[in-house]
Amino acid sequence: MAHNRKVSLPMHEARVLVVDDSAAMRALFSDILDEAKNVRVVGVAANAGAAREQIAELKPNVITLDVEMPGMSGIEFLAEIMETNPLPVVMLSSLTQAGTETSLKAYELGAVECFPKPLKATPEQFSKTVGKLGKIVLAAANSNVHDRKGRAEQKAAADVPFAWNGHIAAFSASMGGIDALTTILGGFPANCPPTLVCLQAEPMVVETFIKRLDTDLKCNVRAAKDGANLTQGTIHIAADPDRHVVVEPGQPARIRLMERDPVDGARPSANLLFGSIARGAVPAVGAVLTGMGTDGARGLRLMRDAGQDTLVQDRATAMVAEAPSAAIEAGAAAREVGLGDLGPAMLKACGIG
């Protein structure tokens, strides 16, 4: 792939249907979203029945959906939407243990994002907390919700013998990343290459996600810890919004967590992660997955310039193509790979033969 390849990423206006059984929440979210750039609330609904009518009449291109509604729940309605009329859906849920389990279920069903509702907040605090909702909804309106292939094939791949060549696998992901990582990592064997993931997602949801992966996968899955060795058989996921993650060279290489300001608005920063791998000449393969913004593009380019292998999830299978497109524009991608092929591609790059 040429380094100077340019990619256009047209953004369509978000036409939002707000679905929530609380009139106060409908009004609040509508006010917040109407203030966001390129976002317009076209309707509101208090339940699934009203939402069906509004979808047919108003043709929204994104829905915000409350998890807890009387009658048909938000999760049940999400399943119906994805089965009958796939649309980008941003789920709104409370940050409780039950809420995190529900969020993972929503991702499995096809939700683009799960956004936390503060349990207690003043209107001012609430508005500040959800100030980023407009960007999320706009990205969701421009997302891919139809391509959800490859997961069954990935699980079967975990039984294929794997011989490690000494390379670390490093991923970055944000919006849509939980779904993509579930697919990719599902094919990793028990003796998988040392793997480090920089994930921008709600920490409580990531904590539950790690526990589920550790149960479901053949290899170990852990939250990234400062000083942890990068050794075969373990996937480390870094999602602490207060600390960056980098790789320290050595035999074996180690994880370092750092407290410093966000880099280009991101913390943990994929640019810092990939950059540390490039500067430390750590044998590694880097991959930018689905996500918002440009984080990861600059760092992945440093890896490519250092002679390390670099992959980008292709835009057709990325839930949100902003981050992969930024990496491609930066000339960071040696290869653009579909979601169903990313796991095997990473294992091949980190394997012998």
Practice prompt. Return a yes/no flag: does the stretch 147-163 have any residue that is surrounded by 20 or more Cβ atoms within 10 Å (Cβ to Cβ), assigned to a loop (DSSP other than H, G, I, E, B), of a type in the set (Gly, Ala, Ser) and modelled with pLDDT under 95.
Written response: yes
Next item on the list: Scan the stretch 255-264 and give yes if some residue there is closer than 17 Å to Met346 by Cα, in contact with a Ser or Thr (Cβ under 8 Å, 6 or more places away or on another chain) and not charged (D, E, K, R), otherwise no.
Entry: no
So, first residue touching a residue at least 12 places away in the same chain (Cβ under 8 Å) and more than 22 Å from Ile352 (Cβ to Cβ) in the stretch 173-200, second residue hydroxyl-bearing (Ser, Thr, Tyr) and open to solvent by 10 Å² or more (accessible area, probe 1.4 Å), Cβ within less than 8 Å, six or more apart or across chains; the pairs are Met175/Ser143; Gly176/Ser143; Ile178/Tyr107; Asp179/Tyr107; Thr182/Tyr107; Leu199/Ser174; Gln200/Ser174
Restricting the stretch 221-234 to residues that are not hydrophobic (A, V, I, L, M, F, W, C) and not in a strand (DSSP E or B), the one most open to solvent (accessible area, probe 1.4 Å) turns out to be Lys225
Okay, helices (runs of 4 or more DSSP H) sitting entirely in the stretch 44-114 with 1 or more residues that are acidic (Asp, Glu), within 22 Å of Phe209 (Cα to Cα) and more than 19 Å from the chain's Cα centre (by Cα), I get 74-84
From the option list Leu311, Leu273, single residue qualifying as open to solvent by less than 10 Å² (accessible area, probe 1.4 Å), at pLDDT 95 or above and in a strand (DSSP E or B) is Leu311
The number of residues in the stretch 197-220 that are under 23 Å from Pro161 (Cβ atoms) and buried (at least 21 other Cβ atoms within 10 Å of the Cβ) is 1
Checked the stretch 334-353 for anything in a loop (DSSP other than H, G, I, E, B) and within 26 Å of Leu138 (Cβ to Cβ); matches are Gly338
Per the list (1) in a helix (DSSP H, G or I); (2) under 19 Å from the mean Cα position of the chain (by Cα); (3) crowded, with 19+ Cβ neighbours inside 10 Å, residue check on Leu302 breaks on (2)
Restricted to the stretch 315-333 and to residues being open to solvent by 30 Å² or more (accessible area, probe 1.4 Å) and not basic (Lys, Arg), the residue farthest from Asn142 (Cα to Cα) is Ala330
Of the residues in the stretch 23-41, those that are surrounded by 14 or more Cβ atoms within 10 Å (Cβ to Cβ) and either of a type in the set (Asp, Glu) or not in a helix (DSSP H, G or I) (or both) come to Ala36, Asn38, Val39, Val41
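Condition check ((1) touching a Leu at 6+ places or on another chain (Cβ under 7 Å); (2) surrounded by fewer than 22 Cβ atoms within 10 Å (Cβ to Cβ); (3) within 16 Å of Asp20 (Cα to Cα); (4) without any contact (Cβ under 8 Å) to a residue 24 or more places away in the chain) across all residues:
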position	(1), (2), (3), (4)
Gly43	yes, yes, yes, no
Asn47	no, yes, yes, no
Thr64	yes, no, yes, no
Ser73	no, yes, yes, yes
Ser94	yes, yes, yes, no
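The values are calculated or read from the model by the stated rules, or taken from the named source; none is laboratory data. Nothing here was measured: the structure is a model prediction, and the numbers come from that model. Glycine also receives a Cβ, built like all others from the backbone with ideal geometry; neighbour counts cover every protein chain displayed. Just so you know, the surface numbers come from the protein's heavy atoms only, side chains and all, with ligands and any DNA or RNA stripped out. Shrake-Rupley method; radii C 1.70, N 1.55, O 1.52, S 1.80 Å.
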